[in-house]
Structure formats: structure tokens, C-alpha cells
Amino acid sequence: MEALLSIPMLSIFLVPIMSSYSTSLNLLFFYLTWSTLVLSHSRLRVELFGTIAVRLLFYALPSIIFFLFDILTPSAAILIKAQGATGLPGGRKRRRIRAKELKIAAWGLFNLCLGIAVQGVLETVLVRTLGKRSALKVSLKLPMPFEICKGLTMAMLGREVSLLKFPDYIAVFLTYVLHRYALHSRWSPMLARWHRSWYHSLPAPFPLTAHYDHPIPYLLTKFIPTYAPAIIFRFHMLTYLLYLLFISIEETFAYSGYTVMPTSLFLGGIARRTDMHLLMGARGNFGPWGMMDWIFGTVLRDSRSDSSSSDESDEQQDMRRAYEASKRKVQAGPSTKNKRR
């Protein structure tokens with residue numbers, strides 16, 4: 001905890017945002033902060049506490065705030081819920097917190113901590129037991145912007161489709177195949193039963209349900225697709241933290257159930273696909289971006305949003321016709337009076 005709250009660790013996130021200095025000075029301060037952090041702590045601590053800081057700041061705290069907002073002010077929350085009262089915790093409009101909702105939130109946070117613990121165990125075994133290099137690159141040298149962009153692109157695509165570097169270069173569809181054929185298939189009845197009785201018992205996604213599931217299906221379809229691309233391509237620690245930041249923001253809003261998003265085109269699409277996967281009984285939308293669903297024909301569209309958009313367009317047309325008609329009456333008024341005179 002001391003390392004997590006230390007000035008070097010917090011400065012990694014606060015210096016680029018809150019500083020009013022020039023870009024060159026910001027980069028200098030950032031490099032000095034990063035060097036101090038790497039030199040004063042072990043690589044394992046830097047990786048674990050960096051991961052905890054990102055998950056805490058960009059997923060856990062916002063999701064807890066959204067969860068309390070849904071629970072304490074359901075009348076206000078229902079106005080921005082895509083699924084109405086169904087999208088509230090428990091599926092009803094009420095102000096009191098039930099033990100079931102608290103249990104779901106607690107399991108979601110437990111699974112998040114479980115994934116970080118597994119990451120720490122893997123790194124410990126790899127470095128201290130086997131004597132190998134760490135899975136992620138923790139060094140004083142900062143990654144170049146092109147390297148960061150390249151790594152982020154490979155990681156984001158790797159969540160949905162990833163090329164594992166086995167001797168024969170076997171293509172493995174991480175999230176899509178694991179989700180569809182491990183959690184919704186007769187090939188693995190136990191995993192499917194766990195996933196169905198846990199996650200698919202929810203009426204609709206709501207805050208803190210991004211990591212809610214039985215621990216084993218969670219590790220298989222959440223932790224592995226997120227962590228595997230980073231260790232396959234051996235990201236620099238800063239690239240991994242930026243990648244994890246994007247994933248945390250995506251999970252926070254995609255599972256919030258809200259219609260108000262920072263970017264409606266990207267996050268809004270992911271959120272609606274997440275909603276439809278749960279509401280339609282897991283008939284499709286197995287990947288986070290929908291790319292593999294489009295290729296394999298498992299895309300589920302929100303028919304209600306389509307009908308509402310068509311209704312909205314008809315309503316706008318009616319309003320336009322009424323406005324034009326009233327405008328013609330106003331223009332015709334003086335001419336008729338002049339004729340009568």
C-alpha cells in the first residue's frame with residue numbers, strides 16, 4: 001500500500017494531466033518520476049501496484065459511484081438507462097440495497113483482485129522460480145510513441161483475435177472462441193453451467209458486473225484475453241498501463257447500462273452489444289467489438305433501438321409538416337385580410 005500511495009506512483013498519472021508546464025518539462029518530470037519509481041521498487045512491485053492503481057482509478061471507483069447512483073437515486077438513473085428499470089440493480093425501481101446486489105458487487109470486485117493476484121503469481125514463478133525474464137518489460141527506457149501505438153493496436157485486436165507465437169503459428173480467437181465455445185457450448189457443460197447460473201442470472205448489465213462471474217469462467221474469458229496479448233508481445237510496462245486504462249474505461253461504461261457515453265459511437269456500441277448478449281439469452285455478441293461476430297454471423301441487433309430511431313424520424317417528419325403548415329397559415333393570413341378589404 002505504501003508503494004501504491006507513494007509520490008512516484010501517483011505522479012505517473014497526475015503529472016501529465018495536472019501539470020501546467022511545457023511539454024518538454026512534463027516529459028522530463030515524467031521520466032524522472034518513472035526512473036525514481038523503477039529504481040526504488042522491484043519490477044514485480046512496479047507491475048502489480050501500477051496495475052492496481054489503474055484498475056482502482058479507472059474501473060473500481062467509477063463503477064462503485066455508478067452503482068451507488070443506481071441504488072440510491074433510481075428515479076434519476078432510470079432516465080439514462082438503455083433498458084429502463086430492467087437495467088437497475090435487481091431489475092426494479094427502489095431505493096434500498098438488497099443483499100443480492102451487494103453480493104454481486106462484492107464478487108465482481110473479488111474477481112478483479114483475483115486476476116491481479118494471478119498476474120502476480122505468474123510473474124513470481126516466472127522470475128524467481130524459473131529464473132526467466134519478466135513477462136512485461138519494466139525498464140528505465142521509455143517506449144517511443146510509435147511503439148506505444150503499435151502495442152495498443154495489437155493488444156486491442158488481440159483481445160478479439162490473437163496470433164499466439166507457437167512454432168506453427170496457430171491462430172487463436174481469444175475472447176470470441178473462449179466465450180462462445182467454452183461458456184456457451186455442450187463441449188464444456190460445467191463451465192457453461194457456472195456461467196449461466198452466475199452471469200446470465202442477471203436481468204441486465206449494471207455497474208460492477210463487468211467482472212461478475214464464477215471465478216473459473218472469469219479467468220478464462222476476462223483475465224486471459226486481457227493479459228495474454230501483453231505478455232505475448234512483451235509490452236513495456238507503460239504501454240501495458242495505457243492499454244489497461246482503455247480496457248478499464250471500456251468495461252466501466254459498457255456494463256453501466258447507460259445511454260450517456262463519452263463516445264457514443266464506440267463505447268455506446270459496445271454497451272448495446274453487451275446488453276443484447278445478456279437480454280437475448282447469449283444467442284450472439286460474444287466478442288467485445290463485434291468484429292468476430294460480424295465475420296461468423298452472430299451479431300445481435302437492438303430491435304428496440306431500431307424501432308425507436310424509426311419512430312423518432314417519423315415524429316420529426318410530422319413536426320416538420322406541422323411547422324410548414326403553420327408557416328403557410330401565417331403567410332396566408334395578411335393576404336386574405338387584404339382581399340376582404
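The values are calculated or read from the model by the stated rules, or taken from the named source; none is laboratory data. Keep in mind that what you see is a predicted model, and the values were worked out from it rather than measured. Here the Cβ positions follow ideal geometry from the backbone for every residue, glycine too, while neighbour counts run over all protein chains shown. Heavy atoms of the whole protein, side chains included, go into the accessibility calculation; ligands, DNA and RNA do not. Shrake-Rupley method; radii C 1.70, N 1.55, O 1.52, S 1.80 Å.
Evaluated on segment 49-154, the Kirkwood hydrodynamic radius is 17.2 Å, with distances taken between all distinct Cα atoms.
Rolled with a 1.4 Å probe across the full set of protein chains, the surface gives D275 an accessible area near 0 Å². Ranked from largest to smallest solvent-accessible area, with a 1.4 Å probe on the protein heavy atoms, E147, E250 come out as E147, E250. Projecting the Cα atoms of P225, Y243, A210 onto the charge dipole of segment 181-256, computed from C-beta unit charges around the Cα centre, puts P225 farthest toward the positive end.
Placing +1 on the Cβ of every Lys and Arg and -1 on the Cβ of every Asp and Glu, with no other charges, gives segment 59-155 a dipole of roughly 300 debye about its Cα centre.
Across T153, T175, the residue with the most accessible area heads the list, and the full order at a 1.4 Å probe is T153, T175. Near K137, the amide H atoms lying under 5 Å from its own belong to F235, H236, M237; only residues 5 or more places off or on other chains count, and H is placed 1.01 Å from N. The listed residues W294, W194 rank as W294, W194 when sorted by accessible area, largest first, using a 1.4 Å probe. When the convex hull of its Cα atoms is viewed from all sides, segment 207-277 shows a mean projected area of 5.4 nm².
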